Every structure is written in structure tokens, then in C-alpha cells.
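Undergrad: This structure is in C-alpha cells; I'll ask about it shortly.
The values are calculated or read from the model by the stated rules, or taken from the named source; none is laboratory data. Note that the structure is a prediction, hence the values are computed from the model and not measured. Don't worry about glycine lacking a Cβ; one is built from the backbone with ideal geometry, like all the others, and counts go over all protein chains shown.
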Amino acid sequence: MKIKALIGAALLGWSSLSLQAQQLNADCGVSFADGQLIKQRLMENRRLVDPAEIAAFQQSRNIKYIPVKFHIVGDANGENTVSLSNVFAMLCDMNNDYRSQDVQFYMQGVSNSVNYFNNNTVYNDGGSFGSQNIMFNNKSAGAINIFMSASVNNQVASYYTPSGDFIFVLNQMANGTSSTGTHEVGHFFTLNHTFYGWEGADVTAYEPGNAPNLINGYAVERVVRTGGSANCASAADGFCDTPADYVSFRDNCPYTGGVKDPLGVAVDPMESNFMSYYADACVDSFTAEQKSAMAADILSRWNSFSAPTPNAVVSGAGITAVAPTNGGSVELNGDITLEWTAVSNATAYYIKIERTFGGIPIETVTEKIVYGTTTATIPQAELGYPRQYSWTVRPLNQLNTCGATSPAQSFSTTAPTSSVIGEEFSSMSEMRLMQNPLAGSTAELLINLPKDLIASLEVYSLDGRKVAGLDKIQFFAGDNAQLLEVGQLSNGVYMVVLNTPYGNLQQKLVIQR
């Protein structure tokens, strides 16, 4: 391919990626209509579930085990899915947050605890009507259904929909540090936002004065908790032990705006409440009334709370690799099988393979869960040669996903004896920029080659002019680190080309100082 044509194609790809780039969305997408349905269910539970039954349920101190079905949605090719390790971390975080209520979540299904399905509609826009229908039709009965996708063309906030009765979480919010999972499960259990009614309204418009009596057509909650002026049992989220809160945008704590309620009393919200919009570092609790409401909803949905079996804590600290031999090499002439020693009470194993350079992981190559076996087959197409890899194993059961992983094992791959370098050069080689965009003056490249050779590096501007380069560089088979000075170049998009006797490799470089 000619250099100018190559650069034009790269620029088109860069423009497309730039249009898709979005800010991380930590908001919640529960609409006014959904909030009304959540509140209706809350009020129905108050009417139908016996308070004595709720009290007995909470005072029993027995752990209530509730199944969760995780659905990981990729594009039509199964690409760009959330990391399994992040899903497990979110489950661990949810269990930490609900432990004080004697509630613990576990993965539904012994042999299919995570459901993968590929669908461009959900992948492109997780909030559309069509996407919601698809997710509804893929739900698993008897569980809290949590769908995770990139929603690349519409960074819709994570949400719970009471009409579909499932939760949608953006990929980047499924992790062990965000409170998104805990927050959305709260909605599932009939909790509204502490600021319910203020969604989309800006409290700063009323600071430091009085809030109106109505906002978005809803009665504004007053600060007073008792007496004829109190409306906490019906306004906002319907709880009198969650103080009045008007902040419907992400905010740091403590609140310092100084707004007053319609009666002129200063508002002092509970910044630590999981159902507020304060930063993740601020939130860590539910109130007693919120806990009772969730208990009522749990009683209305399930009649059995037994733990899955086995449920003992499992750890991979004692796992040892059987094959490949740690530190050994494998000729890549077919699929590779990983094998390890078994762990008691493990029903599944989470496998993660990473590409390494100098013993340091630089990217995740593949991850998967295997059930009821201590082997995993890695397709040849997912690996390259000659390259270095490390892999770890984490034992799992339905309840325990937080255990330690095994010590990292390593192996290297070598070319099949039948390979012909001239014909397979591009598939056998790799070039990547370790920092891209580049803010400094020196680009660091990782170059992996199938054999020793002498090559040149050239940098081209978008109009096809050569603007930098190095000649007659000695490279060796395997991984090579190469520095390239580009301090003289201005901000912009460039193409780095490695010219070898067997073919070329290209990599887009963005300089952004």
C-alpha cells in the first residue's frame, strides 16, 4: 500500500475513534416514570408486607442468599466486552455493601454463571427501546439480572428499569471501586434517589435561598421530620430517616451550597447515602428505613434464601501449573492447553492470559471461565510468536469470586517449523507505541519480530512527507524496545512505519503536548 493511502486510512480510523470517545458516565439513568413505578412498589410493599414479618426477617440475622445473573454483551463479533475480573470485583463490592443487612449475592448457575451474548443493538445503545426488549428477552428467571455493555454510540447512564425488571451497567462502571452496582440494586429493591423529584433540576439556582414548594411537578421534601409540616413519608424517596436532599448532579462532600427548604430551614443532606449523587468516596451506607424497605421487597420476591453449595471460601494461592512448564517454551503449531492443580470447593476457574514484555504485563490477551475442569484450551489465533506470556488462575464457586489468584506462570511461544517468514511476516510480527498519545519528545516502541533482521523506522506526516526516522537498526527475534526521537515534531497525527526485508509494519502516532 502506498504511504499516502495508508496515512489516509489511518486518519479516517482516528476520526471515527475520536467521535466515539465519551466522558465516563457515573450518573444513574432512572427516569421520572421509572421512579414513579419504583415508588409505587415501595408503597405496595408497605401495604402488603406485614411489618412484623419484616422485623423477624431482619432480626433473625440469618444470611439471605440472593442469585444474580450477569450478562456480558459484546458487539456482533463478541469484542469489547467488560473484563470478567471487573465483574467479579463488582460482585465482591456489592456483597461488602449489603453485608450489614445480612444479604449476600451469588452467581446463578453452576455451569453457566456468566451469560455472554453478542448483539450490536445493545452494544451500540444500551438505553434504546430495542435494546431493552432484547435484554428483557434474555433475562434469567428468579435472579437479579445485570446486563453490561459498552453502549458506544450513546453513553446512557447505568439504570434499573422496573418495567423490564433488570439492571443495565456501562462497562466502565462495572468494577470494585464504583458504587454503581450497589446503587442500582438499591433501585431494584424499591429505593429511589434521596433527591427524587429533582432529577434534571439545578439546586444552585436556589442557593442560598429557599427551594420552591414544587419541583418538576413533585412536592419538595421539607427538612422537618415530625408534625403537621412534615412530608418526608410521601415526598422525595418516601423515607424520614434520609434527610432532605436536592442535589441531582454528581457532587463532592460535604454539601456547602446553603440551600433552604420551602419553609426556610437549611438543608443538610446525607452525603454518605448510597442512593444519593455524592461521589463514590463519600457513600457507604443505607438508613434503617431503607433497609426495612429492601427487606420487604426481598420477602415479596423470594421465599427461599439458601446458600448455594459448595460455598466455602476458595483461594488460588496454592495452585501450581502442570502445563506448560513455568518458564518453558511452546511451539505454536496449534491450540495451547493450560493445566493446573485442583482446588477443593471450586466449581469453576477464571483464567487470564497476559502478554508480557521484560516480565511486565502489557495487555490482556484473553480471559475465560471454565467449569468442572482444570484445563483450558487457548486457540492458536489468540496468541502470536515469538512472544512472552503469563497466566493466572482464580478458583471460583457461585458465592466466592474474591479469592486470591494463583502465582503468575510464564511461557514463551516459538514459530512452527513449517512457517515461512516472507509469507506470514505481518501475522508473526507486532509493533506498538507504549504511550499514545505522546506528551513527551521520545516515543518508545515495542517491536516483536520472528527473526534477527536489520530495518529502518520512518515517521510520515498526514500529507505523506517523511519527517523523522532511523536507518539500519539491528533487531533480534522476539521482543525489542526501541526509542525514537520526535521532539522536533508539532502536535498532530503521524504514521510510524517499520521497513524490513520481509514487509512493513505501521502504527499511528498522536503527539499531544
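Undergrad: Among the candidates Ala230, Ala244, Ala201, Ala205, which residue alone is at pLDDT below 95, of a type in the set (A, V, I, L, M), out of contact with any Leu (no Cβ under 8 Å at 6 or more places or on another chain) and outside the structural domain of Arg47 (by TED's automatic domain parsing)?
TA: It is Ala201.
Undergrad: Only one residue in Val185, Val169 is at pLDDT 95 or above and assigned to a helix (DSSP H, G or I). Which one?
TA: The unique qualifying residue is Val185.
Undergrad: Within the stretch 95-140, how many residues turn out to be assigned to a helix (DSSP H, G or I), surrounded by 15 or more Cβ atoms within 10 Å (Cβ to Cβ) and of a type in the set (Lys, Arg)?
TA: Counting residues in the stretch 95-140 that are assigned to a helix (DSSP H, G or I), surrounded by 15 or more Cβ atoms within 10 Å (Cβ to Cβ) and of a type in the set (Lys, Arg) gives 0.
Undergrad: Tell me, which residue of the stretch 294-320 that is of a type in the set (A, V, I, L, M) and in a helix (DSSP H, G or I) is nearest to Pro51 (Cα to Cα)?
TA: Ala296
Undergrad: Here is a further query. Condition check: in the same structural domain as Leu299 (by TED's automatic domain parsing), at pLDDT 95 or above and of a type outside the set (Asp, Glu). Does Thr161 satisfy that?
TA: yes
Undergrad: Could you look through the stretch 366-402, keep only residues that are surrounded by fewer than 19 Cβ atoms within 10 Å (Cβ to Cβ), in contact with a helix residue (DSSP H, G or I) (Cβ under 8 Å, 6 or more places away or on another chain) and touching a residue at least 24 places away in the same chain (Cβ under 8 Å), and pick out the one that is farthest from Asn115 (Cα to Cα)?
TA: Among those residues, the one meeting the criterion is Cys402.
Undergrad: Separate question: Only one of Thr377, Thr413 is modelled with pLDDT under 95, over 21 Å from the mean Cα position of the chain (by Cα) and in a strand (DSSP E or B). Can you tell me which?
TA: Thr413
Undergrad: Among the residues of the stretch 29-76, write down those that are touching a helix residue (DSSP H, G or I) at 6+ places or on another chain (Cβ under 6 Å) and either assigned to a strand (DSSP E or B) or among the aromatic types (Phe, Trp, Tyr) (or both).
TA: Phe57, Phe70, Val73
A quick yes/no check of all residues on (1) in contact with a Cys (Cβ under 8 Å, 6 or more places away or on another chain); (2) β-branched (Val, Ile, Thr); (3) over 22 Å from Val185 (Cβ atoms); (4) crowded, with 23+ Cβ neighbours inside 10 Å:
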site: Ala233; (1), (2), (3), (4): yes, no, yes, no
site: Asp241; (1), (2), (3), (4): no, no, no, no
site: Asp261; (1), (2), (3), (4): no, no, yes, no
site: Val265; (1), (2), (3), (4): no, yes, yes, no
site: Glu271; (1), (2), (3), (4): yes, no, no, no
site: Phe286; (1), (2), (3), (4): no, no, no, yes
site: Lys291; (1), (2), (3), (4): no, no, no, no
site: Asp297; (1), (2), (3), (4): no, no, no, no
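Undergrad: In addition: Any chance the stretch 65-79 includes a residue that's buried (at least 17 other Cβ atoms within 10 Å of the Cβ) and over 28 Å from Thr401 (Cβ atoms)?
TA: No, the stretch 65-79 contains no residue that is buried (at least 17 other Cβ atoms within 10 Å of the Cβ) and over 28 Å from Thr401 (Cβ atoms).
Undergrad: Still on this model: Out of the residues in the stretch 418-439 that are at pLDDT below 90 and small (Gly, Ala, Ser), state the one that is farthest from Asp479 (Cα to Cα).
TA: Ranking the candidates gives Ser418 first.
Undergrad: Search the stretch 254-274 for residues that are on the phi > 0 side of the Ramachandran plot and pair each with any residue that is assigned to a loop (DSSP other than H, G, I, E, B) and surrounded by 15 or more Cβ atoms within 10 Å (Cβ to Cβ) when their beta-carbon atoms are under 8 Å apart and the residues are at least 6 apart or on different chains.
TA: Gly258/Glu207
Undergrad: For Pro361, are the conditions met, namely being within 19 Å of Ser329 (Cβ to Cβ), in a strand (DSSP E or B) and not hydroxyl-bearing (Ser, Thr, Tyr)?
TA: yes
Undergrad: Right, next: If we scan the stretch 344-359, do we find a residue that is surrounded by fewer than 17 Cβ atoms within 10 Å (Cβ to Cβ), without any contact (Cβ under 8 Å) to a residue 24 or more places away in the chain and more than 16 Å from Arg394 (Cα to Cα)?
TA: No, that holds for no residue.
Undergrad: Of the residues Thr190, Thr177, which is surrounded by 21 or more Cβ atoms within 10 Å (Cβ to Cβ), in contact (Cβ under 8 Å) with a residue 40 or more places away in the chain and not charged (D, E, K, R)?
TA: Only one candidate qualifies: Thr190.
Undergrad: Additional query: Condition (residue is assigned to a helix (DSSP H, G or I) and among the polar types (S, T, N, Q)) applied to the stretch 144-160: is it met by at least one residue?
TA: No.
Undergrad: Within the stretch 123-157, can you find the residues that are aromatic (Phe, Trp, Tyr) and within 13 Å of the chain's Cα centre (by Cα)?
TA: Selection gives Phe147 alone.
Undergrad: If I filter the stretch 443-453 for residues that are among the basic types (Lys, Arg) and touching a residue at least 12 places away in the same chain (Cβ under 8 Å), do I get at least one hit?
TA: Looking for residues that are among the basic types (Lys, Arg) and touching a residue at least 12 places away in the same chain (Cβ under 8 Å), one finds at least one in the stretch 443-453, hence yes.
Undergrad: Further question on the same structure: Condition test on Gly440, is it under 35 Å from the mean Cα position of the chain (by Cα), farther than 30 Å from Thr414 by Cα, not charged (D, E, K, R) and not in a strand (DSSP E or B)?
TA: Taking the combined requirement at face value, the residue satisfies it.
Undergrad: Something else about it: Thr442: modelled with pLDDT under 95 and out of contact with any Ser or Thr (no Cβ under 6 Å at 6 or more places or on another chain), yes or no?
TA: no
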